[in-house]
Structures are given as structure tokens and as C-alpha cells.
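Data first, discussion second: the structure below is written as C-alpha cells.
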Amino acid sequence: AREAQREGRPAVERSRKIMKKMRGQGLTPNTRTYAALLEVYARAARAPGGRGMLTDAFKVLQEMRQNGVAADTVVYTVLITAHAMSGAAGAQRMFEGAMAVHDGFMVGVKGCEPDVTTYNALITVASRSIIAKPPRGRGLEDGLVAYEMLLKGGAGGR
């Protein structure tokens, strides 16, 4: 996945070929497989020519669902992180996209409770976008404390 940040689309294409080979050998991609693929898309979004990778990542999520593979907290956290990594869409849109993943996909879905990693990803997006809205939904107190610290000491001071 790390090469994707340098290489962009070629890294995604290699990852897709590996997945195709996997299927050809009778193996079925699971949640972890898709999470790894989504991470490649997220990193590729930062590479030169990575425009559109975030949109393509959501197509992978749709493919995942069509194949009967349930997304979990890790998958959605990767998508939130992808918004932080993409950055090219503009600060407001980047933050709104990350919050849409949190609010629209995770909140209220069994097995998709946000964890510290999820809130850290939201904090990263917030700090990069310098927009102050607290995460909504159920969460961990330490994630919210970290978010408040960010607002008081980081983005709030600008």
C-alpha cells in the first residue's frame, strides 16, 4: 500500500490484479482483503494523477456489498482516512466527506462502532481542514477529549 502513495494508479492496478488472481484460485476476498485494497486507493489518491481515486474507493465499497462482504469499523476508518489523505477536494469537502462516512455508514450499524482509530482519523481530517465540528454518535471519551484538545490548542488558535 505504501508504494501507492508514490505510484498512484499503477499500484491500484497491481492490487486489483492480485485480487483477480486470488479469485481465480477459488479464494473469496473478505473484509480484510477489501480493507487492504481500500487503503491502496486511499494512498493512491495522494499520488500525482490520483484524482478520482476516492470516488473509485467508494465503488470498491459498493462491489464489496454486492459480493456479500460486510464492512466493519476498519473499512470505514480507512475511508475516513482516505478523505484526510486526498486533500485535493478542498478542506470543507474533505471534512464533510469524512463525516458523511462516519454519520452515514457507521452510526447505528451493528459491528461498526467508531473506535479510537476512527476518532483519530476524524481528528486528522479536522486538523487538515481546520473546520471545527465534533464527531456525532456514540464514541469513546478519550477520542472526544483528543478532539477538544485539538480545538483548544491546534486549529482553534488560528
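The values are calculated or read from the model by the stated rules, or taken from the named source; none is laboratory data. On a predicted model such as this, the values are computed, not experimentally measured, just so you know. For neighbour counting, all protein chains shown are included, and Cβ atoms are generated from backbone atoms with ideal geometry for every residue, glycine included. Accessible surface areas use protein heavy atoms only, side chains included; no ligands, DNA or RNA. Shrake-Rupley method; radii C 1.70, N 1.55, O 1.52, S 1.80 Å.
What does the charge add up to near K20, with Lys and Arg as +1, Asp and Glu as -1, over the other residues with Cβ less than 15 Å from its Cβ? Around K20, the charge tally is +3. Please give me the summed charge of the neighbours of T73: other residues whose Cβ is under 10 Å from its Cβ, Lys and Arg +1, Asp and Glu -1. Combined, the nearby Lys, Arg, Asp and Glu give -3. Too long at a 28 Å Cα-Cα cut-off: which of K59/K110; K17/K59; K17/K110? Beyond 28 Å: K17/K110.
With protein chains left intact and a 1.4 Å probe, residues in region 1-126 average 50 Å² of accessible area per residue. Each Lys and Arg adds +1 at its Cβ and each Asp and Glu adds -1 at its Cβ; summed about the Cα centre, region 1-114 shows a dipole of about 540 debye.
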